[in-house]
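Working notes, beginning with the structure itself.
Derivation of every value follows stated rules applied to the coordinates shown; laboratory data play no part. Everything numeric here is computed off the predicted structure, so don't read it as measured data. Positions of Cβ are backbone-derived with ideal geometry, glycine not excepted, and every protein chain shown enters the neighbour counts.
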Amino acid sequence: MTPIEYRSLLTQTLEKLDMAAVEQLVEVFLDAHARGARIFTMGNGGSGASASHAAGDFLKGASYGLDKRFTMICLNDNLPSMMAIANDIGWDDIFVEPLKNYLQPGDVVIGISGSGNSRNVLKAGEFAKSNGATLVGMTGFKGGKLREIADLNIHSDAMDMEVAEDVHMAVFNMVKKSCMARLMGDNPSMGGTYDARVS
């Protein structure tokens with residue numbers, strides 16, 4: 001695939017993105033923020049990098065200057081505990097085990113899986129749903145099982161992993177910018193101030 005072909009596929013996939021679902025995700029984030037609920041992210045490989053990137057963005061960029069901040073935690077980010085779980089229990093449990101420590105009813109869990117069939121993401125997602133959390137799926141290809149079980153799914157409608165990763169990160173950026181606009185005003189800056197009257 002040439003760069004022009006890739007750009008074309010990415011553009012076409014973004015044009016097919018369900019923006020109503022993205023708007024729903026914005027509301028999920030804002031609701032979690034208002035309630036003080038936690039948002040957890042997880043994924044493997046590039047999806048894990050996106051999960052960590054998004055958590056970092058909401059820890060700083062979408063929270064800086066706010067009196068009340070987002071609590072967003074990437075389950076990929078504690079490497080020693082993740083490797084201990086993988087070694088001693090199994091790779092399928094690397095996300096569900098920390099959720100057993102942290103998850104509270106009303107929290108939000110975001111599982112990112114290009115195929116939608118990553119067993120460790122599914123196991124954690126099923127645990128989250130059974131314990132009163134909202135499960136958000138971010139998928140590509142045909143969506144797999146994650147698309148079926150998620151309370152809200154954001155789907156990259158292309159048979160291409162790199163495009164799925166690009167779309168998922170773009171969605172996180174859309175959600176971040178929208179949340180910042182809602183919480184900080186029409187022109188949020190990295191050092192923006194928070195006016196409680198707008199919430």
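Go through the range 134-147 and give me each residue that's without any contact (Cβ under 8 Å) to a residue 60 or more places away in the chain and closer than 21 Å to Asn101 by Cα. Give the steps one after another, and end with the answer.
So in the range 134-147, the residues without any contact (Cβ under 8 Å) to a residue 60 or more places away in the chain come out as 135, 137, 139-147.
Scanning the range 134-147 gives a single hit, Leu135.
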Of the listed residues (Ala164, Ala150, Ala124), the one being touching a residue at least 40 places away in the same chain (Cβ under 8 Å), under 14 Å from the mean Cα position of the chain (by Cα), under 21 Å from Arg38 (Cβ atoms) and crowded, with 21+ Cβ neighbours inside 10 Å is Ala124
The residue from Ala158, Ala164 that alone is part of a loop (DSSP other than H, G, I, E, B) and farther than 17 Å from Val108 by Cα is Ala158
Checked against (1) closer than 21 Å to Ala128 by Cα; (2) touching a helix residue (DSSP H, G or I) at 6+ places or on another chain (Cβ under 7 Å), Asp57 satisfies every condition except (1)
